[in-house]
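Q: Got a structure for you, written out below as structure tokens; questions coming shortly.
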Amino acid sequence: MKKLIPVLMVISCICNSYAIFAQSIPSTSIGKIVIDPGHGGHDPGALSPDRKLREKDINLSVARYLGGAIRESYPDIEVLYTRSSDVAVDLDKRGMLATEGHADLFISIHVNSTRKSVTVPLGPETWVFGGDRSLRKDDSYEVVLKENEVIKFEENYRAKYEGFDPENPQSMIVFNFQKDAITRQSKILATCIQQTLRSGPLKGNSKDRGMKEGGLMVLAYCSMPAILVELGFINSASDRKILGSDSGRKKLARQLFLGFDKYYKAVTQENNVTASPRKAVEKQYRVQVMAGNEKIHATSAVFKGYGQVDYIECPEQKYKYKYTIGNFDTPEEAQEFCTQLRSKDFPGAFVIAVQEGKQVPVK
Ligand SMILES: [Zn+2]
């Protein structure tokens, strides 16, 4: 019998969903991480056009480098792998290993592909478990189908995943063990990792493929913050240069580590936005990127990884908080930074002046 739980409404565009991030991140500890190198054994994952390069091998080697980097910087964190050799592991077992082992984080590593080979760079995308994307028959839907497809090779999959149809990721929602708070943290981790990957060798083209949501089976069994990263495209000649070399894989693992590191610092330290400590008498110039009535965490995904996030309080105005990025001595410097922000992440950004914690005219 099929039991369907009503779909959690998950908002796909992080720009429109800042309410999700509007609460501060609960401080938490990270003692155990499960790294999941996708595919393995009889399931090679995606293949290069000449079929010599296999996703499963790339995933395993990047996973090992990532685990090594975490151990080196955080010797107290236990790092486990869902596989450490070329073997097949069922999708549910991967997530269950993390859930039953009380892991604090789950990172699944994959490589993407498109139907047609291309020469241009396509770059990374990062996934969290969610309902809405799986409804759409677009590229994202194909990734979900592809990554879930392996369960057809698993013995007895119809009985094991009763109620789940690999052709219809929406049916996945019955397996979702995740709570809202975990989904929110998964999104923060995904945002951190997507940003650091985008600043590494596989940056892709100018358009960020971003963070996506879908009914990915491997994430459905995770009861902790969990993401799946698609490092790049095996059938993009440009991406393949990085994916196919050992030095490229090391660099990718480094970027993954930096994303993890950013997340770690955000969730393990009290890192809330605080009112500006600068009570400078001098005028400071900042770039306002948004305003609202809720307190937003400085590391929130809505700030897209920018540092120097700050706010000023304006109790007498329509919006109580004005959020700013950057802090400059001259309006010209602020304007230059503002132009960059407007062209990329914050089209509505503008320069404001602040003096002794209060907004004052720029001129
Ligand atoms: Zn894969």
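Q: How much FRET efficiency would the formula 1/(1 + (r/R0)^6) give for Glu313 and Leu80, where r is the Cβ-Cβ distance and R0 is 41 Å, rounded to 0.05?
A: With R0 = 41 Å, the Cβ-Cβ based efficiency is 0.40.
Q: Multiplying the sequence separation of Arg51 and Val360 by 0.36 nm and subtracting their Cα-Cα distance, what value in nm do you get?
A: 105.0 nm
Q: How large is ³J(HN,Hα) for each residue in the range 76-90, as worked out from phi by the Karplus curve 6.51 cos²θ - 1.76 cosθ + 1.60 (θ = phi - 60°), to whole Hz, x for Gly and Pro?
A: Karplus values, whole Hz, x for Gly and Pro: 7, 8, 7, 10, 10, 10, 6, 8, 10, 8, 7, 10, 7, 10, 4.
Q: While we're looking at this one, here's another question. Read phi for every residue in the range 326-338 and hand back ³J(HN,Hα) as whole Hz from Karplus 6.51 cos²θ - 1.76 cosθ + 1.60, θ = phi - 60°, with x for Gly and Pro.
A: x, 8, 10, 7, 10, x, 5, 4, 4, 5, 5, 5, 4
Q: Extending each Cα 7 Å along its Cβ direction at Lys146 and Ser117, get the distance between those two points in nm, one decimal.
A: According to this spin-label approximation, the distance is 1.5 nm.
Q: With each label point set 7 Å from Cα along the Cα-Cβ vector, what nm distance links Glu336 and Phe153?
A: Label-label distance for Glu336 and Phe153, simple model: 5.3 nm.
Q: Starting from the range 294-363, pick out the GluC sites (Glu not before Pro) whose DSSP state is loop and whose Cβ has at most 11 other Cβ atoms within 10 Å.
A: Sparse-neighbourhood loop GluC sites (Glu not before Pro): Glu316.
Q: So what are the radius of gyration and Dmax for the Cα set of the range 284-360, in Å?
A: 11.6, 31
Q: First measure r as the distance between the Cβ atoms of Val87 and Lys207, then evaluate 1/(1 + (r/R0)^6) with R0 = 45 Å and state the FRET efficiency to the nearest 0.05.
A: It comes out at approximately 0.80.
Read the figures in this text as sums done on the coordinates, not as results from a lab. Given the structure is predicted, the values throughout are model-derived calculations rather than measurements. Please note: Cβ atoms are built from the backbone with ideal geometry, for glycine as well, and neighbour counts cover all protein chains shown.
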